[in-house]
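One structure is given below, encoded as structure tokens.
The values are calculated or read from the model by the stated rules, or taken from the named source; none is laboratory data. Small disclaimer: the values here were computed from a predicted structure and weren't measured. Virtual Cβ from ideal backbone geometry, glycine too; neighbours counted across all protein chains shown.
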């Protein structure tokens with residue numbers, strides 16, 4: 001009798017310890033296709049964790065815009081998809097306007113702005129140029145999604161940075177709402193993102209089908 005009671009108590013203790021060691025699967029965040037949920041951006045993405053200065057932000061933003069413009073021009077010449085073409089025209093207009101404003105800021109601060117995308121961005125453009133048809137449309141949509149992820153992280157960091165010129169911070173703050181909207185569009189345009197419209201089009205959610 002005494003042995004049976006000891007065995008029972010020991011079994012209960014082991015079961016309790018095992019249960020405490022289990023981490024609920026539901027507590028783990030669902031993976032994201034490109035480093036963050038579309039509804040929000042982590043303002044401390046690794047490449048922007050350090051303190052930005054005015055020149056770094058302006059030069060990076062200008063190069064990103066130049067790359068997006070080049071890819072969008074390719075889309076106008078390569079794609080027959082009306083939605084892709086409409087997004088490309090919009091991107092060219094918005095990014096060109098943003099670069100005019102960035103160059104105005106750069107001139108005021110005597111900062112030299114780049115005249116072309118970075119080497120890495122040019123390699124991406126060259127790879128995209130080799131594609132056609134549906135492959136091109138998917139590649140363009142994917143690059144726009146990634147570009148808007150990076151832009152939103154960069155501009156969010158700049159808007160929060162007290163070390164930047166107030167004019168530069170104001171510019172970043174002004175562009176954030178449009179970037180949020182364009183990023184949402186980019187996720188919906190990219191079939192590989194796995195996201196769909198939810199809640200009357202105000203939010204995105206993972207497409208589990």
Any hit, the range 30-46, residues being modelled with pLDDT under 95, out of contact with any strand residue (DSSP E or B) (no Cβ under 8 Å at 6 or more places or on another chain), part of a helix (DSSP H, G or I) and under 30 Å from residue 129 (Cα atoms): yes
Of all residues in the range 88-98 being closer than 16 Å to residue 174 by Cα and buried (at least 20 other Cβ atoms within 10 Å of the Cβ), the one that is farthest from the chain's Cα centre (by Cα): 98
All helices (runs of 4 or more DSSP H) inside the range 99-197 with 2 or more residues being touching a strand residue (DSSP E or B) at 6+ places or on another chain (Cβ under 8 Å): 166-189
Selection count where residues are without any contact (Cβ under 8 Å) to a residue 24 or more places away in the chain, more than 19 Å from residue 178 (Cβ to Cβ) and surrounded by fewer than 21 Cβ atoms within 10 Å (Cβ to Cβ), scope the range 132-167: 5
Residue in the range 72-87 that is buried (at least 21 other Cβ atoms within 10 Å of the Cβ), at pLDDT 95 or above and either in contact with a strand residue (DSSP E or B) (Cβ under 9 Å, 6 or more places away or on another chain) or under 27 Å from residue 163 (Cβ atoms) (or both) present: no
Residue in the range 50-63 that is modelled with pLDDT under 95 and in contact with a helix residue (DSSP H, G or I) (Cβ under 7 Å, 6 or more places away or on another chain) present: yes
